[in-house]
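Take a look at the structure below.
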Amino acid sequence: MVKVGLTGGIGAGKSEVSRLLASYGAVVVDADKIAREVVEPGTPGLAAVVAEFGEGVLTPEGTLDRPKLGGIVFNDPEKLQALNAIVHPLVGARSAELEASAGPDAVVVHDVPLLTENGLAPLYDTVVVVDAAPQTQLDRLVRLRGMAEDEAKSRMAAQATREQRLGIADLVIDNDGPLEALEPQVRAVWERLRGA
């Protein structure tokens with residue numbers, strides 16, 4: 001088994017790289033997806049979040065109001081730390097379950113947005129960073145995701161710097177260009193991972 005950590009700043013295109021790797025046969029463990037699953041209605045994770053932040057972080061239907069919670073934690077490091085203390089252990093346990101169920105010859109790609117910030121690089125055989133210039137990230141967040149520019153800049157500022165991400169990279173995928181330029185790079189990275 002080859003354990004790969006895949007990361008990149010918001011808007012860098014990590015999700016597309018993850019999707020391509022999965023299409024080639026990688027077992028993708030998506031930390032964001034798992035983070036949503038562990039706080040679904042009826043889970044201990046959601047109960048813990050409500051206990052910490054109050055009923056105001058729930059929608060009228062009883063699901064987590066992610067934008068509202070994001071507004072609370074993204075500009076308050078202590079509150080973000082409190083949220084992470086609830087969610088990260090749950091995500092880690094579920095990720096370990098998924099990895100354990102992959103075959104011995106699998107390439108297991110852990111799609112982890114905050115890999116750099118949380119010092120997780122040593123957990124992986126190879127760290128792949130999807131890189132894009134900050135201006136490219138900002139443009140994608142505003143134009144493609146419809147985010148307000150101030151919110152996009154705030155989200156980017158809350159993450160590791162480009163230099164910090166590149167500093168932990170074993171392999172870098174440059175995603176500053178068009179989508180057509182991405183696939184050949186991801187294919188080349190996949191071939192290297194299969195040979196690892």
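The values are calculated or read from the model by the stated rules, or taken from the named source; none is laboratory data. For clarity, every value in this text was computed on a predicted model and none was experimentally measured. Glycine also receives a Cβ, built like all others from the backbone with ideal geometry; neighbour counts cover every protein chain displayed. Ligands, DNA and RNA are stripped out before the accessible areas are found, and what is left, the full protein with its side chains, is counted by its heavy atoms. Shrake-Rupley method; radii C 1.70, N 1.55, O 1.52, S 1.80 Å.
Just a few scattered comments:
- For region 1-47, the solvent-accessible area of protein heavy atoms averages 39 Å² per residue (probe radius 1.4 Å; ligands and nucleic acids excluded).
- Per-residue extension of 0.36 nm, minus the Cα-Cα distance of residue 93 and residue 40, leaves a gain of 17.5 nm for this segment.
- Its Cα gyration tensor gives region 155-196 an equivalent ellipsoid. The semi-axes, each the square root of 5 times an eigenvalue, are 23, 16, 7 Å from largest down.
- Counted over all Cα-Cα pairs of the chain, pairs farther apart than 32 Å make up 17 percent.
- Whole-number D in µm²/s for region 1-104 (Stokes-Einstein; Kirkwood sum over Cα pairs; 25 °C, 0.890 mPa s): 161 µm²/s
- The portion of the accessible surface of the chain made up by carbon and sulfur, rounded to a whole percent, is 53 (1.4 Å probe; DNA, RNA and ligands excluded).
- In region 57-157, the GluC sites (Glu not before Pro) that fall in loop regions by DSSP, at most 11 other Cβ within 10 Å: 61
- Note on region 1-54: percent of Cα-Cα distances in each 10 Å bin, starting at 0 and stopping at the bin with the largest distance, equals 20, 38, 26, 15, 1.
- Restricting the calculation to Cα atoms, region 51-92 shows an Rg/Rh of 0.97 when the hydrodynamic-style radius is the Kirkwood one.
- Whole-Å distance, taken between Cα centres, linking region 154-196 and region 45-76: 32 Å
- Over all orientations, region 122-162 has a Cα convex hull whose mean projected area works out to 3.6 square nanometres.
- Per principal axis, descending, Cα span of region 99-196 in whole Å: 45, 31, 26
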